[in-house]
Amino acid sequence: MDRTERFYKIEMLIRHRECVSFAALLEALEVSPATLKRDLQYLRERMDAPIEYDAGANGYRLVQQWRGQAQHELPGVWFSEKELHALLTMHQLLSGLDEDGILARHLQPMFDKLTGMLGSDPAEARELTQRIKLINTARRRAPTAFFETVGSAVVKRQRLRLRYRKRAAGGGDVSEREVSPQRLVHYRNTWYLDAWCHRSDGLRRFALDAMEAADLLEAKARTLSVKQLEAELDRGYGIFAGGQEQRAVLVFAAEAAAWVSCEEWHPRQQSEWLGDGRWRLQLPFVDATELLMDLWRHAGQVEVLAPAALRDAYARRLREAVAALA
C-alpha cells in the first residue's frame, strides 16, 4: 500500500483497537521499522493526528480527549469502515450497469485503494462484492461503444456530432445530428442521452446503443436548466417523451392492488383505495407504448377507465392474445 493508505490504516487500527503495539503496526502495514517511525512522526507533527505512545500499555493510542470519538479526521477524503463497505457495495452496483467494461478500468484503481484502506487482500474484497447481486431482465445486450465520448461531452458541456439510427421496422433511418448534451439517463438496463438537437431545434432522447458514430466538437453546448429538462422529458410514462400529455385512470383488482399500491409508476401519480379493496391509480403519459406493456402484465386484474383510446388499445391487444391461443 502507498503512504496515504498507510496513514489511513494506522489511524483506523488505533481507533478500533484502542491501543496498538509497534510490532502489530509493522505486521499490519508490512513496512520497515524506519518507515513506520517516519509515518507516525508525520501523522503527529504534520497532520496533527492525536496519537500518543502509552509506555504502560506498550502501544500507540489516541490522546485521552479523542478516545471513543469520531470527530477527528485526517485531511483529505477519509472514510469509516462502514463507509468503505458501502463504497465497495456501490462499486459492485455500478459494475452491474457496466456490461461493456467501459467504467471498470476507471473505477478499478479506486476499488484497489478502498481495498487497501480496509486492509483486505484482493480475494477477500472480491468475496465481499460477490455478496451483492443485480438481476436484470430483458436487457439489451447491444454494446454502448460511445459511452465515454458522450459522458465526456455531458461533463465538459461540449457539442456532439451523432450518426444515429432511428429504430423502426426494416432497420430504421440513419441521420446525422449536432446536439448539445444535457444529461445521461439509465433506464431499464439501457443508457440514453438527453440532448438539445440543433437540427430539429428541440429536446430529444437518444439511445446510446443506436448511435453509429459520436464525435466530440469544440463548440460549447447549449445548456438548459434541470427544471426545463424535467418539464419536457420527464412528464411522460417511461422513456418516451414529447407529445400531448394525457391522463390514464386505472383500477386494479384487490389481488393485484396489494402489490401495485407499493409501486411508483410515475412521480406525479395519484392513487386511492376503493371501498371494495380495489386500488385506483391516475398518472400522466404522452405515449402509450410502455404503459400498455406494463398493463398487460396485469391482464385480467386491471381495468382501464380512461382515456378511451388507451382502453381500446388495451382491449384490442387482449383480444389478439386470446385469438392467438385459439
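Report the charge-dipole magnitude of the stretch 157-237 in Debye, nearest 20, computed about the Cα centre from +1 at each Lys and Arg Cβ and -1 at each Asp and Glu Cβ. Intermediate values should be presented prior to the final figure.
Numbers: 17 positive and 12 negative charges, 19 e Å.
It works out to roughly 100 debye.
Highest mean first, what order results for 6-17, 220-231 on Cβ atoms within 10 Å? Intermediate results must be reported in sequence, preceding the final value.
Working: 6-17: 19.2, 220-231: 12.9.
Peptide ranking by packing, descending: 6-17, 220-231.
Can you send over the carbon and sulfur percentage of the accessible area for the stretch 252-326, probe radius 1.4 Å, protein chains only?
Working: 2390 of 4460 Å².
The C+S portion of the solvent-accessible surface of the stretch 252-326 is 54 percent.
Give me the number: length gained by fully extending residue 175 to residue 53, i.e. 0.36 nm times residue separation minus the C-alpha to C-alpha distance, one decimal in nm.
Length difference between fully extended and current span is 36.9 nm.
In whole Hz, with x marking every Gly and Pro, tabulate ³J(HN,Hα) for the stretch 28-45 from phi via Karplus 6.51 cos²θ - 1.76 cosθ + 1.60, θ = phi - 60°.
6, 8, 6, 10, 7, x, 5, 5, 5, 4, 5, 5, 5, 5, 5, 4, 6, 8
Given 226, 179, 193, which one lies farthest toward the positive end of the charge dipole of the stretch 169-326, if we put +1 on the Cβ of every Lys and Arg and -1 on the Cβ of every Asp and Glu?
Positive-end residue among those listed: 226.
Multiplying the sequence separation of residue 198 and residue 230 by 0.36 nm and subtracting their Cα-Cα distance, what value in nm do you get?
In short, 9.6 nm is gained.
Considering only C-alpha atoms, what is the centroid distance from the stretch 30-61 to the stretch 224-272, in Å?
58 Å
Using a 1.4 Å probe, what is the accessible area per residue for the stretch 150-222, in Å²?
For the stretch 150-222, the solvent-accessible area averages 51 Å² per residue.
I'd like the FRET efficiency for residue 37 and residue 3, computed as 1/(1 + (r/R0)^6) with the beta carbon distance as r and R0 of 22 Å, rounded to 0.05.
Here the calculated transfer efficiency is 0.95.
When the Kirkwood radius is taken over all Cα pairs of the stretch 189-326, what Stokes-Einstein diffusion coefficient follows at 37 °C and 0.692 mPa s, in µm²/s?
Here the translational diffusion coefficient equals 189 µm²/s.
Using the Cα centre of the stretch 253-299 as the reference point, and only Cβ charges (+1 on K/R, -1 on D/E), how large is the resulting charge dipole? Debye, rounded to the nearest 20.
About 100 debye.
Can you tell me the length gained on complete extension of the stretch residue 166 to residue 18, counting 0.36 nm per residue apart and subtracting the Cα distance?
Roughly 47.0 nm would be gained on extension.
The values are calculated or read from the model by the stated rules, or taken from the named source; none is laboratory data. These numbers come from a predicted model, not from an experiment. Neighbour counts run over all protein chains shown; Cβ positions are idealised from the backbone, glycine included. Just so you know, the surface numbers come from the protein's heavy atoms only, side chains and all, with ligands and any DNA or RNA stripped out. Shrake-Rupley method; radii C 1.70, N 1.55, O 1.52, S 1.80 Å.
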